Amino acid sequence: MSSSEIIAWFKDIGLSDRPTVGGKGGSLGELTRASIPVPAGFVVRTAAFERFICELESDEPIRSQVEALSGQELEKITALSEHLRARIEGAPLPDDMNSEIVAAHTELCGLDRNPPLAVRSSATTEDRADASFAGLQDTYLWTIGVEETLKCVRSCWASLYSAPSIAYRRKHGFPESGVAMAVVVQGMVYAQKAGVMFTRSPLTGDRSVVTIEGAWGLGSAVVSGQVTPDRFVIAKITGEISVREISHKHVQHVPAPGGGIRAVETPEHLREAACLTDVEISALRDLARKVERHYGQPQDIEWAIDQGGQIHLLQSRPETVWSSKNRKPVAKPADDPLQHVMKIFGGRR
């Protein structure tokens, strides 16, 4: 199936398409085209969102109501958010749009009509250089069936008008006309273990290492902070593992019967066991290096290892903590450099 004005397949898009497929969609397309192992999927383009919102605004304005608020009017923001989300989630999709999404869903699922899918928000404002909107919109995991997928698409659109998202945009003065939502629909990885990794140390900024964090089950437990992950630090060049911090992983996320995910107790024999072998750590390092080389800058990557031991990457975005940090000198230059030494040692020569 080919891409269209409404649907974009990962194989057809890249980072340059972010205005029409959002940050997450553009990244997943870029990874796919770079032959990085990514679960197959498609994006419901921003054009669908724009058309849907435009039809709703013919009855009652949406964007102008948001822009009328300041970032400090939290009660009004909350009330407006509830109203807008209900409107968006309750409105039917136009027939032709509904048909295109259903057709893409059928194509993605193949012979298995109801495999679990992830439906993920992909806002055009994600991973901006001047602000990070990551985590402000919704993701739905282990979605089963086309009707549930269609519902989740509208819920992702609606999450652009969550109270935190509205407040963030109003606080930073971003115009509503520049904000749109695409939605990623992709195969779900039944993860045996999952987590995140950074192609520079998130603690020190060291670019010579890859830091890997992981736990048992689906990665949502790590991303949400519900479990303290194991942590490994491995040298990019030599492959030496310099840090092994094994945590008590008391809980893991697993598929829930009928769809969605649930938290369960980790089997006792796994709670104190390292979730990754040295071979897996090395393989993740190799993928992290490949992704960083492709993008040409440090990356923050989500990964999962399925029940058969295959590694999948679920997302890669620019690392922001150290990349955006303005390094200031420890001390101001002085006419007499000895003054710095004297301050350190309490004035003793």
Being without any contact (Cβ under 8 Å) to a residue 60 or more places away in the chain and of a type in the set (A, V, I, L, M) narrows it down to one residue among Ala68, Ala34, Ala40; which is it? Ala68
Quick check on this structure: which one of Leu287, Leu276 is touching a Leu at 6+ places or on another chain (Cβ under 8 Å), closer than 28 Å to Leu15 by Cβ, surrounded by 14 or more Cβ atoms within 10 Å (Cβ to Cβ) and assigned by TED's automatic domain parsing to the domain that holds Thr204? Leu287
Search result, residues across segment 3-39 that are of a type outside the set (Phe, Trp, Tyr) and either assigned to a strand (DSSP E or B) or within 16 Å of Val102 (Cα to Cα) (or both): Ser3, Ser4, Glu5, Ile6, Ile7, Ala8
Is it the case that segment 127-135 has a residue that's in contact with a helix residue (DSSP H, G or I) (Cβ under 6 Å, 6 or more places away or on another chain), assigned to a helix (DSSP H, G or I) and either at pLDDT below 95 or under 21 Å from Ala221 (Cα atoms) (or both)? no
Residue under question is Ser177, and the condition is that it be more than 30 Å from Trp322 (Cβ to Cβ) and at pLDDT below 95; does it hold? yes
Return yes when Ser282 is under 18 Å from the mean Cα position of the chain (by Cα) and polar (S, T, N, Q) and no when it is not. no
Do we have Asp59 as modelled with pLDDT of 95 or more and either over 24 Å from Gly173 (Cβ atoms) or out of contact with any His (no Cβ under 9 Å at 6 or more places or on another chain) (or both) here? no
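Can you name the strands (runs of 3 or more DSSP E) wholly within segment 152-253 that have at least 2 residues being in contact with a Pro (Cβ under 8 Å, 6 or more places away or on another chain)?
181-187, 191-198, 209-216
The values are calculated or read from the model by the stated rules, or taken from the named source; none is laboratory data. On a predicted model such as this, the values are computed, not experimentally measured, just so you know. Glycine gets a Cβ as well: all are built from the backbone with ideal geometry, and neighbour counts include every protein chain shown.
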